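Structure, as structure tokens:
The values are calculated or read from the model by the stated rules, or taken from the named source; none is laboratory data. Since the model is a prediction, treat every value here as computed from it, not as a measurement. Because the Cβ atoms are built from the backbone with ideal geometry, glycine has one as well, and the counts that use them run over all protein chains shown.
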Amino acid sequence: MKRLADKSFWNAVWLPVAILAVWQVLAMRAHTPLFPGPWQTLLAISKLYPQIVGQLGFTLSRAGIGFLIAAVLMVPLGILLGRLKLLGKVLEPAIDMLATLPPPAVVPIVMLFAGTGDAAKIVIIAYAAAVPLLMNTYEASRTVHPSANLVARALHLTKLEAMLHIDLPAALPMIATGVRLAVSSALLVAVTSEMLLATNGIGVFIQRQQENFQISGGLAGIAFISLAGLIINSIVFQFEKRWLFWHYRNANSKG
Amino acid sequence: METMLEARELAKSYGTGAGALKILDGISFSVKKGEFVSIVGPSGCGKTTLLMALAGLLKPDAGAVSFKGKVLTGPSAGIAVVFQDYSRSLFAWKSNLENVVFGMIRNTTLSKAEKRAKGRELLAAVGLDGFADHYPWQLSGGMQQRVAIARGLASESELLLLDEPLAAVDAQTRADMQDLLLELAERFQQTCILVTHDVDEAVYMADRVVVLTRRPTRVDHDIVVDLGDRRDQITTREDPRFLEIRHDVMAAIRRFRAETPLAEKA
């Protein structure tokens, strides 16, 4: 058993190590600050990390607020549209249209109403996170199995009760997928919005570093974003394990 | 005895115009309080459509269903339905006990603790004492269907509508479940309507068998099963009277099969 674990550890690790090694060799041969290797990036991290962590804080708190606003609004809306079929049909084309609109494209419009401060960025982040949350929730709620609906009707549930006790839990697995997509969208757009509406945050930091040809500093910032992404993903995964155990077990059982 | 449920001239079609498919074509019968009535018919004759109409889950185009003298306009308190598809009609995110307690959602007289206590009693009644905190997906098909039956009983029903509840469980479990259903019907004073495609099951369990014609469906025969209240998997099934009734029912259904064009059989 131990052997197997060792083996899978090496399987996961050898490729990144190889890439880092090749990168280091290429960087040493290029011998220019414009092409820093992993080592130079590490040095930049050790020098800049207090600044990076501070800036990342701004970014993550905006991403978090934007995501939460989207979740609080879109999950109930999706459930509601799935239950009220007519309303869902009316709004579906509008949702599809908004879904294809890239968040950076709405930046100028949002600026008109919300300026360039925190509010503007949070609005854009919420918009980006809203799309996968709404689409997944709506789709899941719309396709709840007819048997479950028959049970709801046979037990004389009100529409609200059916949404709360049946549609929402039944939709949770797909909502979880929506959450994963929304979290990565929120992070992505949080950084992009900072680059477009420069005030503070890790996006601004990376941009400044790169504009000053401090490529290794930029890479250090990127490394921290990736790390934050990994940590957030594993937190989301923990929540899924806690709330969706029945879904994953269900898939493994003989049914 | 008091009439529990009465169907009068029920008709239902799917679709409109030339492509309309007439499913039910004037179905009438009544069920008395405490009776166990089986409904059988050739495949595809609209048994499930009929049951949905009896449950108030489907509005008939014409005719009416009355439950304890009142015409049904929708699902009614006092009627519980047990569906064939137990794996989807039970909620995977609720434990077995929570699933059963969910059947009491319209019950305002019992406290939460009392509901849980009653839920445990019902699970014990269907032979699942130790499984209250398990989840439906951890149980076999027959056990899941027993949870669904317990949920039906939890709603304080007087009329239990059973939509091929045993169609998806294996033969041995099936025999046990038939006896369990009979026992529960008596113990909880349930009037039962069982829709099934299994003629043996229909006769074994029922006080009366309603035989349907093929589509468009009407009542073909209404046969009294005079085999007494005590049924036994071995002796009842060997009883000459059982075989006689089984013969009559089977003959009626086979007759329709013979009339059905081959293309439709598949």
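Things to note:
- All positions within region B:157-184 that are small (Gly, Ala, Ser) and touching a Ser or Thr at 6+ places or on another chain (Cβ under 8 Å): B:Ala167
- Criterion: out of contact with any helix residue (DSSP H, G or I) (no Cβ under 7 Å at 6 or more places or on another chain) and either within 14 Å of chain B (Cβ to nearest Cβ) or within 30 Å of B:Ala154 (Cβ to Cβ) (or both) - qualifying residue of A:Pro93, A:Pro169, A:Pro108, A:Pro102: A:Pro169
- Hits in region A:238-255 (condition: assigned to a helix (DSSP H, G or I) and either within 14 Å of chain B (Cβ to nearest Cβ) or modelled with pLDDT under 90 (or both)): A:Glu240, A:Lys241, A:Arg242, A:Trp243, A:Phe245, A:Trp246, A:His247, A:Tyr248, A:Arg249, A:Asn250, A:Ala251, A:Asn252
- From the list B:Ala80, B:Ala167, the one residue that fits, being touching a residue at least 60 places away in the same chain (Cβ under 8 Å) and touching a His at 6+ places or on another chain (Cβ under 9 Å), is B:Ala167.
- Filtered by the rule that a residue be at pLDDT below 90 and crowded, with 21+ Cβ neighbours inside 10 Å, region B:25-46 gives B:Gly41, B:Pro42, B:Cys45, B:Gly46.
- Selection status of B:Ser89, of a type outside the set (A, V, I, L, M, F, W, C), more than 13 Å from chain A (Cβ to nearest Cβ) and on the phi < 0 side of the Ramachandran plot: no
- Looking only at residues in region A:182-205 that are outside any helix (DSSP H, G or I) and either out of contact with any Phe, Trp or Tyr (no Cβ under 9 Å at 6 or more places or on another chain) or among the small types (Gly, Ala, Ser) (or both), the one that is farthest from the other protein chains (Cβ to nearest Cβ) is A:Ala198.
- Near pairs, Cβ below 8 angstrom, 6+ apart or cross-chain, from region B:55-69 (within 14 Å of another protein chain (Cβ to nearest Cβ) and without any contact (Cβ under 8 Å) to a residue 60 or more places away in the chain) to any residue that is assigned to a strand (DSSP E or B) and aliphatic (A, V, I, L, M): B:Gly56/B:Val65; B:Gly56/B:Ile79; B:Leu57/B:Val81
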